[in-house]
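Student: Starting off with a structure, shown below.
The values are calculated or read from the model by the stated rules, or taken from the named source; none is laboratory data. Source: prediction; values computed, not measured. For neighbour counting, all protein chains shown are included, and Cβ atoms are generated from backbone atoms with ideal geometry for every residue, glycine included. SASA here: full protein model, heavy atoms, side chains in, ligands and nucleic acids out. Shrake-Rupley method; radii C 1.70, N 1.55, O 1.52, S 1.80 Å.
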Amino acid sequence: MVTGTPGPCVGNIAPIERLNFSGLCLHDGPLAIRQAIYASVFPAELSVAASWDRALSHQRGLYMAREFRGKGAHVALGPVVGPLGRSPFGGRNWEGFSPDAYLSGELVAQTVEGIQAAGVQATTKHYILNEQETQRNPSVNANGTTIEAISSNVDDKTMHETYLWPFANAVHAGTASIMCSYNRLNGSYGCQNSKTLNGLLKDELGFQGYVMSDWLGTHAGVASIEAGLDLDMPGGIFFFAGSPSYFGGNVTLAVNNGSLSSGRIDDMVLRIMTPYYFLNQDKDYPPIDGYTSKIGFFPAANYVDNFTLGPIVDVRQQAHTKLIRDLGAAGTVLLKNFNSSLPLRKPKNIGVFGNDAADFTQGQYSLAISSDTVLADGNYDIGTLAVGGGSGTGRFTYVVSPLDAIKARAQSYGALTQYITSNDFIAGGGIAALAPVPLDVCLVFLKSWASEGADRTTLVAEWNSTVVVEKVTAVCPNTIVVLHGAAPNVLLPWANNPNVTAILAAHMPGQETGNSLVDILWGDVDPSGRLPYTIAKNETDYAKNLVNSTALLETTDPNAWQADFVEGNLIDYKEFDAKNSSVAYEFGFGLSYTTFNISNIQITGAPANASRRPNPSAPTLPGGNVELWETLATVSVTVTNTGSVAGSTVPQLYLTFPAEADAPTRSLRGFDKVALNSGASGTVQFPLMRRDLSYWNVVTQDWTLPVGNIEVSVGFSSRDLPLTGNLAV
Ligand code: NOJ
């Protein structure tokens, strides 16, 4: 019950026929049932974050989980809010939402609720401070010394206000499971840290589900169990050579020799079984990929997490495809639109350039995993980047490439599409190969790879992207650049090139990527995505916030890898605001094909009359003290579409706290996605909960309302905030 076993899924809890318990099938990941065939590949959480759309986030969770359920997977190994995105170079940031804790918290709650509404258990991961891939696991150096994993060292205030925040939303939403992370934190391993597991998660946040280890992230038996780890994954599995489980028979031994209480074992099993019954997984749960020789049971031998059992169930649905297409568009951010070059107005001669435009040429699956969980680099040259690599990827049954979708759209009204998808060929002067007709518009597709197992080494799009843009803009005064993949990217040196008339940050849209993009390009859909991160002017403007060096890679000191989170809460826009430095495109920014006005700020509620701290005798339910989640004030504004076409926008609310709170210059505490017809107005309400208005007081160890005035700013980005008001607290 508490130890993984070999089986058909990425993680397996063995069946117990005597109890008619079918076992548990656990599968990656955050954007698809990863390795399955005939399943959908959804947009990555990065795209969800860029959509700023709670409803789409919920729907994605629901539809994705229906595919997990259809395949017989009880537990989905997602969503991700760790990494949060402390460093723009983090290799797995795209698996999560945004470096803003509030935005991530809102969207993870919706995702968890969506997943569990389908009767599938959500596993919110990786808990916690899993902010870099480099040295995420221990290694053995040339002398044979074990060098321990990176230790992320953080203070109590930052832990609560930034990194724990979205996990609290996930717990509040009822996440069945939490996956502890590979890294150490403040010196102890993530799956063996009593402060974070027993203390913060189970006591303070009232988490009632189970903590499972990341794969081979357990480094002790009794010590981990006593620190709060409930489930060891993958357990002692043959294909992870030389990795017997610290759990398994050792747990029995520990109970029998008195070093572990059987009460704690009961607690672990109760935590593991509660979601199973709560979500009715004991009733008519589909068998694993249709394997029906004995419903739900699988023989525990001979497979490696690859679904080789059954007749292979097709879990795709039309509704899923539509959602993927819509969300891919909703997560696309229009950064520049000079002279309204977009939407396209039936251009007759279209040029398409870049290796990211084409269909895949090296297969449809970017896992590239080796036996010791070190992930090889799955990057590829020609082929669109629709999702990242590693365990958070998906196996595509098809992809609609940007080039295919553009050709189809162009052909529908008789236009000519000319294209070159080899960046090397373009860089070598290949544009001369095009027919000598003036191009009405040139679409350049650039990409930035990111994958589990490695951090990014550059924020500039790859594959000679700068030269590709130069070559195209040299012949084409109306060049539109589309970026796919990891974010943020720095857009220099071409962002201000006058021939680059429009820029779209299209993120990781999943299998319908080309269709999502064509919907935006030809104006069927208004670009309503907004940046869930900051785009700086230069790579050096970001504090790198990654620990890595040649000296460290050769160290003989087992504790050499230390990441001190000295910047505290000041990551992403909070860092740039604190330094008052200018950026290329700020957090929350994005253009639309129409224009919006915001007016009439109203603030109701009287938090000044509320007690400074939540009542300590109020119950602690999943999410913490229930009073933290009570609304103390509401801000409302009117938003009007002042342009000539229908469109959507994202009004955003930021708070500036009094000095007592020692808070960032501005912190996001409200947003909504609003669709309005031309000329129409709507009222937007931002409820502010006690937690939204509080800071973490390290002395009293409690969320505390500051005394004084909180400044409320509302607008369309973190730096476009025309409305202000005051909230007495
Ligand atoms: C390691 C990854 O960190 C985790 O996210 C994933 O769920 C497991 N491997 C299983 O593939």
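Student: Ranked from the most accessible area to the least, with a 1.4 Å probe and all protein chains present, what is the order of Glu67, Glu148?
Tutor: Greatest to least solvent exposure: Glu148, Glu67.
Student: For Lys283 and Gln362, calculate 0.36 nm times their separation in residues minus their Cα-Cα distance, and state this gained length in nm to one decimal. Provide the component values of the computation, followed by the final result.
Tutor: Values: separation 79, 0.36 × 79 = 28.44 nm, distance 4.14 nm.
Residue separation times 0.36 nm, minus the Cα-Cα distance, leaves 24.3 nm.
Student: I've got another one for you. Restricting to the chain, compute how many DSSP beta bridges are antiparallel as a %, nearest 5.
Tutor: Values: 55 of 98 bridges.
DSSP beta bridges in the chain are roughly 55 percent antiparallel.
Student: Between Asp720 and Asp381, what is the label-to-label distance in nm when each label sits 7 Å out along the Cα-to-Cβ direction?
Tutor: Here the answer is 4.0 nm between the modelled labels.
Student: Lys537: which aspartates and glutamates have alpha carbons under 16 Å from its alpha carbon, excluding same-chain residues fewer than 8 sequence positions away?
Tutor: Here the aspartates and glutamates satisfying the reach criterion relative to Lys537 are Asp572, Glu575, Asp577, Glu586.
Student: Once the Cβ-Cβ distance between Asn580 and Lys537 is put in as r, and R0 is 22 Å, what FRET efficiency do you end up with, to the nearest 0.05? Intermediate results must be reported in sequence, preceding the final value.
Tutor: Values: r = 14 Å, r/R0 = 0.64.
About 0.95, to the nearest 0.05.
Student: A further question on this structure: Please state the charge dipole magnitude for the chain, taken about the Cα centre, from unit charges on C-beta atoms (+1 on K and R, -1 on D and E), reported in debye and rounded to the nearest 20.
Tutor: On the way: 45 positive and 64 negative charges, 275 e Å.
Here the chain has a charge dipole of around 1320 debye.
Student: So which lysines pass the test for Lys348, namely a Cα distance under 29 Å, with those fewer than 8 places away in the same chain ruled out?
Tutor: Lys322, Lys336, Lys407, Lys447, Lys471
Student: Next question. When we measure straight from the Cα of Lys195, which lysines land under 18 angstrom away, once same-chain ones fewer than 8 places off are left out?
Tutor: Lys125, Lys157
Student: Over segment 382-498, what lengths in whole Å, largest first, do the semi-axes of the equivalent ellipsoid take, defined as the square roots of 5 times the eigenvalues of the alpha-carbon gyration tensor?
Tutor: Working: eigenvalues 135, 75, 28 Å².
Those come to 26, 19, 12 Å.
Student: Show the residues, 5+ positions off or on another chain, whose built amide H is closer than 5 Å to the amide H of Glu452.
Tutor: Residues meeting the amide H criterion: Gly389, Gly390, Ser391, Gly392.
Student: Here's another thing I want to ask about it. Can you compute the modelled spin-label distance between Ile603 and Asp267, with each label point 7 Å from Cα toward Cβ, in nm?
Tutor: 4.3 nm
Student: Taking a spot 7 Å from the Cα of Leu434 along the direction of its beta carbon, which residues of segment 376-417 have an amide N less than 11 Å from it?
Tutor: Residues passing the 11 Å test: 417.
Student: Shifting gears a bit: Order the peptides 330-336, 695-701, 463-469 from the highest to the lowest mean number of other Cβ atoms within 10 Å of their residues.
Tutor: On the way: 330-336: 25.6, 695-701: 15.0, 463-469: 21.0.
Top of the packing list down: 330-336, 463-469, 695-701.
Student: Here's something else I'd like to know. May I ask you to give the solvent-accessible area per residue for segment 43-189, in square angstrom, as obtained with a 1.4 angstrom probe? Intermediate results must be reported in sequence, preceding the final value.
Tutor: Working: 2540 Å² over 147 residues.
About 17 Å² of surface per residue is accessible.
Student: Let me ask another. With each run of n ≥ 4 DSSP H residues scored as -39500 (n - 2.57), what mean residue ellipticity at 222 nm is computed for the chain after dividing by its residue count and rounding to the nearest 500 deg cm²/dmol?
Tutor: Value at 222 nm, helices only: -5500 deg cm²/dmol.
Student: Could you state the orientation-averaged shadow area of the convex hull built on the Cα atoms of the chain, in nm² to one decimal?
Tutor: Values: hull surface 125.1 nm².
Result: 31.3 nm².
Student: For segment 590-729, what is the accessible area per residue in Å², given a 1.4 Å probe and the full set of protein chains?
Tutor: Here the residues of segment 590-729 average 40 Å² of exposed surface.
Student: Then there's this: Calculate the FRET efficiency for Lys544 and Ile16 from the Cβ-Cβ distance with a Förster distance of 41 Å, rounded to the nearest 0.05.
Tutor: Numbers: r = 49 Å, r/R0 = 1.21.
Given R0 = 41 Å and the Cβ-Cβ separation, E is 0.25.
Student: Let me ask something else about it. Net charge within 13 Å of Ala386 by Cβ-Cβ distance, Lys/Arg positive one each and Asp/Glu negative one each, not counting Ala386 itself? If you can, show how the numbers build up before the last one.
Tutor: Working: positive: Arg325, Arg395, Lys447; negative: Asp356, Asp359, Asp404, Glu512.
Result for the neighbourhood of Ala386: -1.
Student: So what is the accessible area of segment 511-578 per residue, in Å², with the probe set to 1.4 Å? Could the numbers behind the result be given before it?
Tutor: Working: 2460 Å² over 68 residues.
Normalised by residue count, the accessible surface of segment 511-578 is 36 Å².
Student: Next question. For the chain, which whole percent of the accessible surface, found with a 1.4 angstrom probe, sits on carbon and sulfur atoms?
Tutor: Details: 12700 of 24580 Å².
Here it works out to 52 percent.
Student: While we're here: Tell me, how many Å apart are the Cα centres for segment 158-199 and for segment 8-65?
Tutor: Centre-to-centre (Cα) distance: 21 Å.
Student: Let me ask something additional. Using a simple spin-label model with points 7 Å from Cα along the Cα→Cβ vector, what separation in nm is obtained for Thr274 and Gln318?
Tutor: 4.2 nm
Student: Students often check this: by mean Cβ neighbours within 10 Å, which of 402-411, 53-62, 97-106, 626-635 ranks highest, and how do the rest follow?
Tutor: Working: 402-411: 20.2, 53-62: 22.4, 97-106: 26.0, 626-635: 18.3.
So the order, starting with the most tightly packed, is 97-106, 53-62, 402-411, 626-635.
Student: Can you give the extra length, in nm with one decimal, that the chain gains between Thr683 and Asn198 once fully stretched, where that is 0.36 nm per residue apart less the Cα-Cα distance? If you can, show how the numbers build up before the last one.
Tutor: Values: separation 485, 0.36 × 485 = 174.60 nm, distance 4.28 nm.
That pair, Thr683 and Asn198, stretches by 170.3 nm at full extension.
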